[in-house]
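The values are calculated or read from the model by the stated rules, or taken from the named source; none is laboratory data. Predicted model only: the values in this text are computed from it and were never measured. Glycine also receives a Cβ, built like all others from the backbone with ideal geometry; neighbour counts cover every protein chain displayed. Remember, those area values only see protein heavy atoms, side chains included, never the ligands or the DNA or RNA. Shrake-Rupley method; radii C 1.70, N 1.55, O 1.52, S 1.80 Å.
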Amino acid sequence: MKLCMIGTGYVGLVSGVCFSDVGNKVYCVDKDKKKIDLLNNGKVPIYEPGLEEILKKNHRQKRLIFTSDLKKAVDNSDVIFICVGTPTKKNSNSAELKYVFNVARELKKIIKSYKIIITKSTVPVTTGDKIENILSNLKKRKLVDVVSNPEFLREGDAIRDFIYPDRVVIGTDSNKANKVLKSLYLPIIKKTSRYFKTSRKGAELIKYASNAFLATKISFINEIANLCEKTGIDVKDISFGMGSDQRIGDRFLRAGPAYGGSCFPKDTRALIDIGKKFNTNLSIVKSVILSNENRRSLSIKRIIQIVNNNFDNKIITFLGVTFKPNTDDMREASSISMIKYLNKKKCKIRYYDPSGEKVEFKNLKNVNYYEDLRDACLNSDLIILHTEWNEFKSLNFKKLVKKRNFKIFDMRNLYSPDKMRKSNIKYFGIGR
Ligand SMILES: NC(=O)c1ccc[n+]([C@@H]2O[C@H](COP(=O)([O-])OP(=O)(O)OC[C@H]3O[C@@H](n4cnc5c(N)ncnc54)[C@H](O)[C@@H]3O)[C@@H](O)[C@H]2O)c1
């Protein structure tokens, strides 16, 4: 098939690359010309394991085209995916939909023959109806079907998630569009996964309900971790004991910092706003948001306790700053509020992250990026293990730090408190 992905961010690029790899011709469009130039030069603007190789292969074979020419891409495609961002609107909880609607307005001017328009972006319930309104002339002439197909991939595991999804959700009442999409997804759903057709509004809500539920799991175990700290219980035992129950499941049940990233914070907020519009009080989601905000301040309080409120000339090193491993995405990462707070204290902050330097910290006076993990750790007073990248999982801290009385704050519970105690390292975990 011939496809057009509008927006080549984490979702549009990964989906486009994976669709081309199963034999489709895919036009990846972005209004950011720098991104398109990079891609045309075989460079990948995001950190996503495995992406570059598949991208280059399909680009070479001319199944994958990167362009800023929307008209050309749309004219040559049968199915058009909208994959632009839907961040939180300023001073509100609601999703900013201007990027989505701008695309719809552009499509209105371009489309001359039948196309399936799909929102892959996470959009509030009834957004599909609004897109259809914008395209009403085309709809009347039966030139478009507007479908919802939310994306569930996780950054860092995006390719695997796209190729082996737990489910593909399609929201449409058009049999014609459904038939086309079923055959588009056939190579992907053939083996293990499920293709689920529902209403357009249903598909839109499935995405928000899924993310809010996962955020709830994280906040739940984080609060249980607080209780564990007071009662001398190891929260890892609780995660295991609970997670072994198949009704509960062990994923997203590991205590750690506040959840961050480009999805959970904004999607939980947007869901509250959707509830408000439809006069429904989503009190559980509201308390999850509050719990996560509390967690951000709690992490800072914990650091204050660990250093006995004495920051003078301390060297504090963050290992990992992204919201999760295997991505370079810093959106709403919990490290940001911690580092911004510490920057105001009389201490020196260093950070090392396998995905590189971060613009978020570039202008902070006391914050320095280190390209080498050993240089970052040398002579530190406190190491904060913020993100569980694989390379942080079996470090010899004594050899790395080479200083007496240094401390470790392991926010991902990667190490054994017993072993640390035996090595005379002052070690602090989460909920243990
Ligand atoms: N990032 C994830 O892990 C993830 C997972 C599932 C769903 N989603 C959802 O997918 C959507 C996209 O997320 P993302 O993280 O890929 O966003 P992103 O910010 O990484 O990328 C969006 C891209 O769209 C481009 N764009 C904006 N307006 C455009 C236009 N008119 N024409 C062409 N390009 C345009 C931007 O330049 C940018 O490159 C969001 O709604 C998000 O909630 C994201």
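Data table
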| read-out | value |
| --- | --- |
| Listed residues 339, 143, 13: farthest to the positive end of the dipole of the chain (Cβ charges) | 143 |
| Listed residues 386, 59 arranged by accessible area, highest first, probe 1.4 Å | 59, 386 |
| Amide H contacts under 5 Å for residue 88, placed H, 5+ residues apart | 96 |
| Relative packing of 203-214, 117-128, 164-175, which averages over residues the other C-beta atoms within 10 Å, highest first | 117-128, 203-214, 164-175 |
| Rounded accessible area of residue 402 (nearest 10 Å², 1.4 Å probe) | 140 Å² |
| Relative contact order of the range 101-245, pairs being alpha-carbon contacts under 8 Å that are 6 or more residues apart, as % | 22 percent |
| Cβ-placed point charges (K, R +1; D, E -1), dipole of the chain about Cα centre in debye, nearest 20 | 540 debye |
| Acute angle (nearest 10 degrees) that the helix 200-231 long axis makes with the longest principal axis of the chain, alpha-carbon atoms | 10 degrees |
| Relative contact order of the range 200-270, defined on C-alpha pairs under 8 angstrom at six or more residues apart (%) | 41 percent |
| Cleavage-rule hits, chymotrypsin sites (Phe, Trp or Tyr not before Pro), the range 216-312, DSSP coil, Cβ neighbours within 10 Å at most 11 | 278 |
| C-alpha long axis of helix 264-277 to longest principal axis of the chain, angle in ° | 60 degrees |
| Under-5 Å amide H pairs with residue 66, H placed in peptide plane, nonlocal only | 28 |
| Most positive-pole-ward Cα, 103, 162, 186, against dipole of the range 80-191 from beta carbon charges | 103 |
| Table column - 3J(HN,Hα) (Hz), the range 337-348, Karplus curve with 6.51, -1.76, 1.60, x for Gly and Pro | 5, 5, 5, 5, 5, 5, 4, 7, 8, 7, 10, 9 |
| Surface share of carbon and sulfur [accessible, 1.4 angstrom probe, percent] for the chain | 50 percent |
| Positive-pole candidate from 61, 195, 297, dipole of the chain, charges at beta carbon | 61 |
| Interchain or long-range residues, amide H under 5 Å from residue 384's placed H | 317, 318, 319, 409 |
| Accessible area expressed per residue, the chain, with surrounding protein chains retained (probe 1.4 Å, Å²) | 49 Å² |
| Overall dimensions of the chain by Cα: Rg and Dmax, Å | 23.4, 76 |
| Relative contact order (%) - criterion: Cα under 8 Å, at least six apart; region: the chain | 12 percent |
| Phi to ³J(HN,Hα) by Karplus 6.51 cos²θ - 1.76 cosθ + 1.60 over the range 134-143, Hz, x for Gly, Pro | 4, 9, 4, 4, 5, 5, 4, 8, 6, 9 |
| Solvent-accessible surface ranking, highest first, for 342, 378, 153 at 1.4 angstrom | 378, 153, 342 |
| Share, in percent, of DSSP beta bridges within the chain that are antiparallel, nearest 5 | 5 percent |
| Using alpha-carbon coordinates, inclination of helix 283-306 to the longest axis of the chain, degrees | 30 degrees |
| Loop trypsin sites (Lys or Arg not before Pro), the range 250-303, which have at most 10 other Cβ atoms in a 10 Å radius of their Cβ (DSSP) | 251 |
| Per-residue HN-Hα couplings for the range 42-59 [Karplus 6.51, -1.76, 1.60; θ = phi - 60°; Hz; x = Gly/Pro] | x, 9, 9, x, 10, 8, 8, x, x, 5, 4, 4, 5, 4, 4, 4, 6, 5 |
| Cβ-placed point charges (K, R +1; D, E -1), dipole of the range 328-432 about Cα centre in debye, nearest 20 | 840 debye |
